[in-house]
Amino acid sequence: MTTPRRTEVLTVSPDRPDQGALHRAGAVLRAGGLVAFPTETVYGLGADALDEAAVRGIFAAKGRPGDNPLIVHVASEEEVAQVAASDGAGVDMLRRLARRWWPGPLTVILPKGPEVPDAVTAGLATVAVRMPDHPVALGLIRAAGRPVAAPSANRSGRPSPTEARHVLQDLDGRIDMILDGGPATIGVESTVLDLSVRPAVVHRPGAITMEQLRSVLGDAVAPLQVAEKYEGTEAPPSPGIKYEHYAPRTPCVLVEGFGEETTAAFLEALREERRAGRRTGVLCTEEGAVLFGPEADAVCVVGARDDFRAIAHNLYRCLRRLDEERTDIIYVEGVESVGLGSAIMNRLRRAAGGRILTAR
Ligand code: TXA
Ligand code: MG
């Protein structure tokens, strides 16, 4: 349980945030409090990464299982040495990656440094580190004067927040402060790349794509093979894999595949729901809206079929919105699993929790 607290919302400019606001938020972190802040991917819920009690507060506020570790956010490459133990090859790979994508939506996993409390890493020997590409996030870390542990600022299992109001919906009264810097640009969480193993492994696809990682690391990064629904009994390589995620409260079905047969199966499923007296929501592309919109009770359009940036940006907002429409079931149109599409499909498969519709 968390003790109720007043959640203060401070509006800040995303490009040139007010220093006074950042200093107040930094002071809250230094005092062991919880501050939600925008990043380029999604909103994070921050605490002082070196303060064990503060970090435990994150788990309590989110209702997050204690065995799911957090990402430590830094504002400079030098700070990595404060939280990660130097492992020659891993740090060397990070240096090459950081030159192109830090600050940016790339999280790397390295051996953990001794200063990081076990609560952050859920007892693992490794730590996840990232430098967010957002003036508010970077300003907050600098104002706090220490690394900031932050998961996405949603209640555990809910879609990640891409706007400050989503954070309020989930965490009002449970955290101290929200810095409202407007909508997050990218909309899906960072790529998680494990540099503590050889070859390096992507645990979570994101905006830095497999294709991009391979352009720098070549075969030193293994082909993408992320467990969408973890069914093993051994410890998963990345604890986040085993939890149902990104899910609206309403059951969600992912329609996978393209072409006429898939369209026919999608339409038939919507008509069948209607015959059964159930209200349907559809999350789809602009092209899909023309086909499926007339058969649905609520529609949210994420973008044109080949515009993965728009789709990623609008994905979680649409999942939350369709949830509010009080539909009985949400059908989601899939996209092609390449580039940023891999990150989109990874989140959608997990939101659907294994409920997949294909033409056959
Ligand atoms: O874009 C993002 O990464 C956002 C923003 C706020 O930075 N953060 C985010 O954090 O998505 P979270 O906690 O929702 O997801 C972190 C993921 C989880 O799946 C977790 O299991 C994995 O990273 N992770 C963290 N530390 C790990 C470790 N040492 N080994 C393997 N996986 C780890
Ligand atoms: Mg999360």
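Listed values, structure above:
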| read-out | value |
| --- | --- |
| Most to least packed among 109-117, 258-266 [average Cβ atoms within 10 Å] | 109-117, 258-266 |
| Debye-sum result for segment 1-139 in log10 I(q)/I(0), which assumes one identical scatterer on each alpha carbon, at q = 0.09, 0.10, 0.13, 0.19 Å⁻¹ | -0.27, -0.34, -0.58, -1.20 |
| Zone residues, segment 171-187, relative to VAL9, backbone N less than 15 Å from point 7 Å out along Cα-to-Cβ | 171-184 |
| Of all accessible heavy-atom area on the chain, the percent that carbon and sulfur account for (1.4 Å) | 50 percent |
| Accessible area per residue, Å², the chain with all protein chains present, probe 1.4 Å | 41 Å² |
| GNM top mover of LEU254, LEU124, LEU140 - the chain, alpha-carbon springs below 10 Å | LEU124 |
| Largest-first ellipsoid semi-axes for segment 172-220, taking √(5λ) over the Cα gyration tensor eigenvalues, angstrom | 32, 14, 7 |
| Orphan Cys of the chain, criterion: no other Cys C-beta under 4.7 Å | CYS252, CYS284 |
| Sites ILE356 and ARG326, calculated FRET efficiency, Cβ-Cβ separation with R0 30 Å, nearest 0.05 | 0.80 |
| Relative contact order (percent, whole number), segment 1-129, Cα cutoff 8 Å, 6+ residue spacing | 24 percent |
| Sparse-neighbourhood loop sites, GluC sites (Glu not before Pro) in segment 291-352 - DSSP loop, at most 11 other Cβ within 10 angstrom | none |
| Amide H partners (placed H, <5 Å) of ILE178, local residues excluded | GLU8, VAL9, LEU10, ALA36 |
| Relative packing of 300-307, 176-183, which averages over residues the other C-beta atoms within 10 Å, highest first | 176-183, 300-307 |
| Additional length obtainable on full extension of the chain from GLN19 to GLU260, 0.36 nm per residue less Cα span | 81.3 nm |
| Cα centroid of segment 13-64 to Cα centroid of segment 95-129, whole Å | 18 Å |
| Separation in nanometres of the label points that stand 7 Å from Cα toward Cβ, at ALA89 and ARG305 | 4.3 nm |
| For the chain, the fraction of alpha-carbon pairs in successive 10 Å shells from zero, as % | 6, 25, 33, 24, 10, 2, 0 |
| 18 Å reach of a label modelled at ASP67, 7 Å along Cα-to-Cβ, counting backbone N of segment 102-125 | 118-125 |
| Vicinal HN-Hα couplings computed from phi for segment 85-93 (Karplus, 6.51 cos²θ - 1.76 cosθ + 1.60; Hz; Gly/Pro x) | 7, 6, 10, x, 5, x, 5, 5, 5 |
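The values are calculated or read from the model by the stated rules, or taken from the named source; none is laboratory data. What you are looking at is a predicted structure, and each value in this text was computed from that prediction instead of being measured. Cβ atoms come from the backbone with ideal geometry, glycine included; neighbour counts cover every protein chain shown. Note: areas computed on protein heavy atoms with side chains; ligands, DNA, RNA excluded. Shrake-Rupley method; radii C 1.70, N 1.55, O 1.52, S 1.80 Å.
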